[in-house]
1. Would you please name the residue that is nearest to Thr130 (Cα to Cα), looking only at residues in the stretch 43-98 that are in contact with a His (Cβ under 8 Å, 6 or more places away or on another chain) and assigned to a loop (DSSP other than H, G, I, E, B)?
2. For the stretch 162-180, how many residues are within 16 Å of the ligand (Cβ to nearest atom) and out of contact with any Pro (no Cβ under 6 Å at 6 or more places or on another chain)?
3. Under the condition of being surrounded by fewer than 24 Cβ atoms within 10 Å (Cβ to Cβ) and touching a Gly at 6+ places or on another chain (Cβ under 7 Å), which residue from the stretch 149-168 is nearest to Lys53 (Cα to Cα)?
4. Going through the stretch 79-107 one residue at a time, which ones are surrounded by fewer than 19 Cβ atoms within 10 Å (Cβ to Cβ), among the charged types (D, E, K, R) and farther than 12 Å from Thr175 by Cβ?
5. For Gln19, work out the one condition from (1) modelled with pLDDT under 95; (2) in the same structural domain as Cys146 (by TED's automatic domain parsing) it doesn't fulfil.
6. Contact list please: Cβ distance under 6 Å, first residue in the stretch 94-115 and free of Cβ contacts under 8 Å to residues at least 60 places away in the same chain and hydrophobic (A, V, I, L, M, F, W, C), second residue away from the ligand (no atom under 16 Å from the Cβ) and not in a loop (DSSP other than H, G, I, E, B), pairs at least six apart or on different chains.
7. I'd like the residue in the stretch 142-161 that is away from the ligand (no atom under 12 Å from the Cβ) and touching a residue at least 24 places away in the same chain (Cβ under 8 Å) and, out of all such residues, is nearest to Thr80 (Cα to Cα).
8. Taking the residues in the stretch 108-141 that are outside any loop (DSSP other than H, G, I, E, B) and buried (at least 22 other Cβ atoms within 10 Å of the Cβ) as candidates, determine which candidate is nearest to the ligand (Cβ to nearest atom).
Amino acid sequence: MRTLVLVLITGLFFMSCNQTDKLSKATTDCKTQKETSQPIVNTKNNTMEKIVKSDEEWKSELTEMEYHVLRNKGTERAGTGDLLNNKGTGTYICRGCGLELFDSETKYESGSGWPSFYAPVNETNVGENTDNSHGMKRVEVVCARCDGHLGHVFPDGPRPTGMRYCINAVSLDFTSKEEK
Ligand SMILES: [Zn+2]
């Protein structure tokens, strides 16, 4: 009887261990696992610390248009974005959480009316989801940290990637490298 109880307890321990592993994507065992509360910016291989806020919080921090696009997957009118014709050297960051998303080096004139890039700053910061809304099959582009909607990616971009990241300007902020 005692052995049975021991087996059960051991089993439960391993189950909870596995679940914690899955949740935190940690590869180490439970004993060495540590909680990290610092958000990781511009990371390459590490787990992204997500930013989760209620709708009310987002509404209080964003303008109506920013909220409409970032949180409700809206789209700004073509040709209206404040960063559409920005040609400065620097980094485009998420207007929701400040995460680096695109480098000015990859921005190009697509003629679509929305800021266009041929590559994200890295594969970690920009996430992609299948989007079958509006009777179309598209790939949605999101900020990997706050899940803010950015736009869509299409396979009709220029070299070297052949991809066109079609991004709402209202989802972005720009930090210039020339400012000192
Ligand atoms: Zn974000």
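1. Filtering the stretch 43-98 down to residues in contact with a His (Cβ under 8 Å, 6 or more places away or on another chain) leaves 69-74.
Narrowing further to those that are assigned to a loop (DSSP other than H, G, I, E, B): 71-74.
Details: Arg71: 17, Asn72: 16, Lys73: 13, Gly74: 16 Å.
Going through the qualifying residues, I end up with Lys73.
2. Narrowing the stretch 162-180 to residues within 16 Å of the ligand (Cβ to nearest atom): 165, 167-175.
Going one step further and asking which of them are out of contact with any Pro (no Cβ under 6 Å at 6 or more places or on another chain), we end up with 165, 168, 170-175.
Qualifying residue count, the stretch 162-180: 8.
3. Checked the stretch 149-168; the qualifying residue nearest to Lys53 (Cα to Cα) is Cys166.
4. Asp82, Lys87, Glu105
5. (2)
6. Final answer for the pair search is Trp114/Cys166.
7. Of the stretch 142-161, the ones away from the ligand (no atom under 12 Å from the Cβ) are 151-161.
If we keep only those that are touching a residue at least 24 places away in the same chain (Cβ under 8 Å) too, we end up with 151, 153, 157-161.
Working: Gly151: 15, Val153: 19, Gly157: 21, Pro158: 23, Arg159: 26, Pro160: 28, Thr161: 26 Å.
So the residue we want is Gly151.
8. To start, the set of residues in the stretch 108-141 that are outside any loop (DSSP other than H, G, I, E, B) comprises 108, 116-117, 126-131, 133-135, 138-141.
Next, from what is left, pick out any that are buried (at least 22 other Cβ atoms within 10 Å of the Cβ): 116-117, 126, 141.
Working: Ser116: 19, Phe117: 16, Val126: 10, Val141: 12 Å.
Here the answer is Val126.
The values are calculated or read from the model by the stated rules, or taken from the named source; none is laboratory data. Please read these numbers as outputs of a predicted model, since none were measured by experiment. Heads up, the Cβs are rebuilt from the backbone with ideal geometry, glycines too, and the neighbour counts pull from every protein chain shown.
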